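We did not get these values from a lab; they are worked out from the coordinates using the rules stated. Keep in mind that what you see is a predicted model, and the values were worked out from it rather than measured. Note that we place each Cβ from the backbone using ideal geometry, even for glycine, and neighbour counts take in every protein chain shown.
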Amino acid sequence: MPEVTKARPPGAPPAAAAAGPRRRPRGTRWWQDRRILPYLLIAPAVLLELLVHIVPMIAGVVMSLFRLTVFTIHHWQSAPFAGLSNFALGLNPHGPIGSALWRSFGVTLGYAACVVAGSWLLGMVAAALLNVEFRARGWLRALFLVPYALPLYVAVIVWRFMFQQGTGAINAILARDLHLVSGSTFWLIGGNAFWAMTVTGIWRTWPFAFLILLAALQNIPGELHEAAAVDGASSWRRFRAITLPQLRGINLVLVLVLFLWTFNDFNTPYVLFGGTPPDSANVLSLYIYVNSFSNWNFGLGAAMSVLMLAFLLVISLVYIRAFRAGREADA
Amino acid sequence: MRESAAARWARRGGLTLIAAFALFPLYVIVETSVKPLSDVNGAFRWLPSRVTFAPFVNMWSTIPLVHYFINSVIVSVIATVLAVLVAVFAGYAISRYGFAGRRVFSVTVLSTQMFPGIAFLLPLFLIYVNLQNVVGIKLYGSYTGLIITYLTFALPFSIWMLAGYFNSLPRQLEEAAMVDGATPLRALFRVVLPVAKPGIIAVAVFAFMTAWGEVLFASVLTTQSTRTLAIGLQEYSSQSLVYWNQLMAASIVVSLPVVAGFLGLQRYLVRGLTAGSVK
């Protein structure tokens with residue numbers, strides 16, 4: 001997300017701000033100095049980020065280089081150094097662990113792609129349809145936002161309940177009422193589990209895309225559309241020629257955020273399937289969790305997490321680069 | 001702009017489909033919560049064979065729901081208040097001061113948002129366990145540890161959004177106050193924050209939602225006495241059977257405060273989100 005880096009060039013405060021402290025009669029206390037105050041302001045954030053995010057992440061990288069198992073974790077100071085062997089084990093496509101990791105990587109990518117695409121599409125359609133005044137508008141907007149406002153566990157457990165094979169609502173509707181599928185279809189095991197997880201992910205995520213896109217749509221000046229309508233442009237044409245280009249910036253950020261969330265999603269598959277997901281829904285977060293906490297191989301789990309983070313960093317950098325290049329080409 | 005009849009019906013049709021998708025699971029939650037357990041364990045029926053409010057009564061004794069509720073309130077409220085405070089300071093510094101390391105700070109904070117939770121869960125746990133022996137403050141299994149964790153989870157998004165929001169406010173605001181002799185912090189609290197209310201509310205809502213629903217870290221960092229709702233609700237399923245009706249009843253009770261808050265504050269959310277960050 002490049003917005004922060006592109007914000008305002010540092011330094012060069014307007015004259016009055018620089019003059020302010022000097023004019024104060026009692027003189028400036030040391031911590032109100034312009035050179036010191038910003039560091040004091042960010043200090044709590046820096047400390048917390050170090051404690052919860054940065055240092056644990058570095059510790060994770062270090063752990064990935066050691067043979068840390070349930071036997072060595074209590075004396076982690078003296079765990080044997082493993083070099084890159086954890087990484088080799090994880091990446092080897094011919095070994096059982098490596099091939100499962102690659103497979104899990106594919107599942108995660110597929111899941112993220114489907115949820116991002118589905119959420120964006122649904123959010124965009126709903127936002128476009130609601131971007132007109134009519135009576136039920138406020139109610140619909142509130143209703144659409146509810147799945148996103150629900151606590152995560154609640155939002156997912158209801159789908160687990162509905163996807164049950166014998167007593168679930170999904171089979172009752174699709175098989176019993178509509179005769180579209182067989183009544184003995186399993187949704188939570190086998191290949192269908194991927195789609196069960198994807199639908200659940202979209203249901204929970206799309207309201208966020210909707211919220212952002214609706215806000216962005218309302219920022220587009222109405223005159224643009226009216227001028228085009230006077231010129232006889234159809235609404236689909238206006239959408240393509242006016243709305244989409246105006247949403248470009250927000251879309252790029254939105255898609256990246258949705259992708260990062262979904263790619264890292266642990267909760268949806270965990271609440272749907274528990275600790276033993278079917279292969280088709282075994283996303284990276286869950287696979288790593290099982291490898292770390294059920295098989296007690298912490299070094300290997302750490303190595304896999306590092307690979308996952310490295311992939312996300314590379315993807316984000318490439319994406320932001322492309323975004324910048326696109327912007328400069330436009331200018 | 002006038003809409004043709006065809007366009008109006010297309011709009012109605014599209015919105016009906018989307019509303020059905022959004023609504024159906026919500027309907028199932030409500031409907032299941034007033035069903036007797038025998039209904040829940042049989043084939044799905046659209047309406048309960050008889051409506052009972054017993055699940056709303058029994059859910060309190062099946063698991064220590066009140067206890068989990070109090071835990072969640074304590075953790076979420078404190079984490080939210082602290083997150084807003086810390087993010088206001090940091091976002092204000094990024095927005096208003098040019099200092100060495102400003103860019104590195106903002107980019108680093110933002111990039112922590114992409115850390116997979118699973119990547120630092122175990123290291124964080126080990127750090128808490130080892131650190132509490134050094135500093136003498138209980139971190140594992142205490143409110144403190146969970147509050148610190150959730151508060152930090154909310155920071156990247158909050159700092160980013162508030163910095164954007166402050167950028168959209170004119171600097172003359174606090175400059176005038178400071179010419180009148182206010183200290184920078186006074187100017188921030190008395191002049192800037194009241195104007196930044198939508199941004200602050202948006203940040204608070206997101207921070208609260210994160211803390212209220214988080215599952216992964218709560219499952220590792222809490223013990224029985226500090227267990228939060230998101231973990232506690234799982235106890236409605238025992239090995240032999242799941243009290244689905246009570247689980248759904250409890251889900252409604254647990255969800256009401258956040259859903260009501262979210263919907264009540266949504267106009268602030270939209271304004272907060274669009275002001276600076278979304279351009």
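Residues of B:158-170, mean number of Cβ from any other protein chain within 10 Å of their own Cβ, rounded to a whole number?
That average works out to 2.
What shape does the stretch B:1-149 have by the C-alpha gyration tensor, where a ≥ b ≥ c are the square roots of the eigenvalues, rounded means a/c under 1.5, and otherwise prolate means a/b greater than b/c and oblate the rest?
Oblate is the answer for the stretch B:1-149, as a/c is 1.5 or above yet b/c matches or exceeds a/b.
Across bins of 10 angstrom width beginning at 0, how are the C-alpha pair distances of chain B distributed, in whole percent?
Values per bin, smallest distances first: 6, 21, 25, 23, 16, 7, 2, 0.
Between A:W296 and A:F311, what is the spin-label point distance in nm, taking each point 7 Å from the Cα along the Cα→C-beta axis?
Using points 7 Å along Cα→Cβ, the separation is 2.8 nm.
Per-residue HN-Hα couplings for the stretch B:140-146, Karplus 6.51 cos²θ - 1.76 cosθ + 1.60 at θ = phi - 60°, whole Hz, x for Gly and Pro?
Per residue, the Karplus-derived 3J(HN,Hα) values read 7, x, 10, 4, 3, x, 5 Hz.
Need one number: nm distance between label points at A:Q246 and B:A176, each 7 Å from Cα along Cα→Cβ, rounded to one decimal.
Calculated label separation equals 3.2 nm.
Please list, by residue number, everything in the stretch A:286-301 whose backbone N is under 14 Å from a paramagnetic label point 7 Å out along Cα→Cβ of A:S99.
Of the residues in the stretch A:286-301, none has backbone N under 14 Å from the label point off A:S99.
Provide a whole-number value for the mean count of partner chain Cβ atoms within 10 Å of the Cβ atoms in peptide A:53-62.
6
For A:A329 paired with A:N219, estimate the spin-label separation in nm (one decimal), with each label point 7 Å from Cα along the Cα-to-Cβ line.
Between A:A329 and A:N219, the simple spin-label model gives 2.3 nm.
From Cα coordinates alone, what are the radius of gyration and Dmax values for the stretch B:9-70 in angstrom?
16.2, 50
Please work out the FRET efficiency for the pair A:A227 and B:L241, using the Cβ-Cβ distance as r and a Förster radius of 45 Å; give the result to the nearest 0.05.
FRET efficiency, A:A227 to B:L241: 0.10.
At 0.692 mPa s and 37 °C, plugging the Kirkwood radius over alpha-carbon pairs of the protein assembly as shown into Stokes-Einstein gives what diffusion coefficient in µm²/s?
Here the translational diffusion coefficient equals 126 µm²/s.
How many angstrom lie between the C-alpha centres of the stretch A:265-331 and the stretch A:121-165?
Computed from Cα coordinates, the inter-centre distance equals 26 Å.
How much length is gained on full extension from B:A5 to B:V104, taking 0.36 nm per residue of separation minus their Cα-Cα distance? It would help to have the intermediate numbers written out before the result.
Values: separation 99, 0.36 × 99 = 35.64 nm, distance 5.48 nm.
That pair, B:A5 and B:V104, stretches by 30.2 nm at full extension.
Average partner chain C-beta neighbours within 10 Å, per residue of B:84-91?
Per residue, the number of nearby Cβ atoms from other chains is 4 on average.
Long-range amide H contacts for A:A233: which residues qualify at under 5 Å (H placed 1.01 Å from N, peptide plane, sequence gap of 5 or more or a different chain)?
For A:A233, whose amide H was placed from the backbone, there are no distant partners under 5 Å.
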